[in-house]
Amino acid sequence: MKEKLIQRYKKSERINHWFVAGCFITLAISGLGFFYPSFFWLTHIFGTPQWARIIHPFVGVLMFVGFFVQFFRYYKYNFIDKDDIAWMKSIDKVLVNQETVEVGKYNAGQKGMFWLMTTCMIVLILSGIVAWRPYFAQLFPIPVIRIALLCHALAAIALIIGIMVHIYAALWVKGTIRAMVEGVVPHAWAKHHHPKWYREVMAKKKAKEEGASTSV
């Protein structure tokens, strides 16, 4: 019997996601090399430490732009509502794959991750610009640059931890990675993990089919 599938992400969304992911990996590797002496050898992945330092801020700008393309696509799905409160209260059932709460396109955990990433991205771009030599750093006094570097490091650590949780959750919930690789999920997966979103999608599909049939 052929598996029934439903589209979760369009091709453009998946390309954008993996573009941001690639930028994040580049920035994490080079950033850790700058942050901690024991990781300095990571900078040689880019040829030389000098090249790593040149590449890091430019890739940071690209990641910021890529992420905020995602932000404007998804922010309307990520506001916390009463169903998210219920999801958080039943987290013990969620962890054993017994979700009983009405979940839309994203659950409360995913929404929290979305806003954490958004906050970190804003802090990283602003602090990064302040510390970016030779283009902007000379416009700010040394104490401001030091504070910016501290904020940059803290936001980067928070983002790295957040992404690690994000990856773990994607592996924990089978079918999640397929959604971002192939763009589709089985109907059963959607019904179980995101029942409200599933009904909304199916209602739109039914309305579209009925509209097409009446126009013939």
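Points to keep in mind about this one:
- Here segment 1-156 exposes an accessible surface that is 71 percent carbon and sulfur, computed with a 1.4 Å probe and the other protein chains kept in place.
- Each label point was placed 7 Å from the Cα along the Cα-to-Cβ direction; for L149 and I54 their separation is 2.2 nm.
- Linear extension gain, V181 paired with K76, 0.36 nm per residue minus alpha-carbon span: 35.5 nm
- For the chain, the membrane-span-like helix rule (DSSP H, alpha carbon extent of at least 27 Å along the helix axis, mean Kyte-Doolittle at least 1.0) picks out 108-131, 142-172; this says nothing about an actual membrane.
- Area accessible to solvent at M164, 1.4 Å probe radius, in Å²: 120
- Cα-Cα pairs of the chain separated by more than 32 Å (percent): 32
- Area accessible to solvent at W172, 1.4 Å probe radius, in Å²: 140
- Residue-averaged [θ]222 nm for the chain, counting only DSSP H segments that reach four residues, each worth -39500 (n - 2.57): -23500 deg cm²/dmol
- Cα gyration tensor category, rounded, prolate or oblate, for segment 128-194 with a/c compared to 1.5: prolate
- Residues of the chain: accessible area per residue with a 1.4 Å probe, Å²: 63
- Residue pairs, from the table K89/K174; K11/K93; K111/K206, whose Cα atoms sit over 31 Å apart: K11/K93
- Considering only alpha-carbon pairs that sit under 8 angstrom and 6 or more positions apart, the relative contact order computed for the chain is 27 percent.
- In nm, spacing of pseudo-spin labels at V61 and M88 (7 Å Cα→C-beta vector): 3.8
- Straight-distance crosslink candidates among aspartates and glutamates, where the alpha carbon sits under 19 Å from K76 and sequence neighbours closer than 8 are dropped: E13, D84, E102, E200
- Both radii come from the Cα set of segment 110-165: Rg as radius of gyration, Rh as Kirkwood radius; their ratio Rg/Rh reads 1.07.
- Separation of alpha-carbon centers, segment 151-214 and segment 1-56, rounded to whole Å: 21
- Across segment 1-65, the convex hull enclosing all Cα atoms gives 128 Å³ per residue.
- Each of V130, L95, F40 was scored by the projection of its Cα onto the charge dipole of the chain, and the greatest displacement toward the positive side belongs to L95; charges sit on the C-beta of Lys, Arg, Asp and Glu.
- Alpha carbon Rg of segment 75-199, scaled by the compact-globule rule 2.2 N^0.38 Å: 1.37
The values are calculated or read from the model by the stated rules, or taken from the named source; none is laboratory data. Note that the structure is a prediction, hence the values are computed from the model and not measured. Cβ atoms come from the backbone with ideal geometry, glycine included; neighbour counts cover every protein chain shown. We work out accessible area using only protein heavy atoms, side chains counted, and drop any ligands, DNA or RNA first. Shrake-Rupley method; radii C 1.70, N 1.55, O 1.52, S 1.80 Å.
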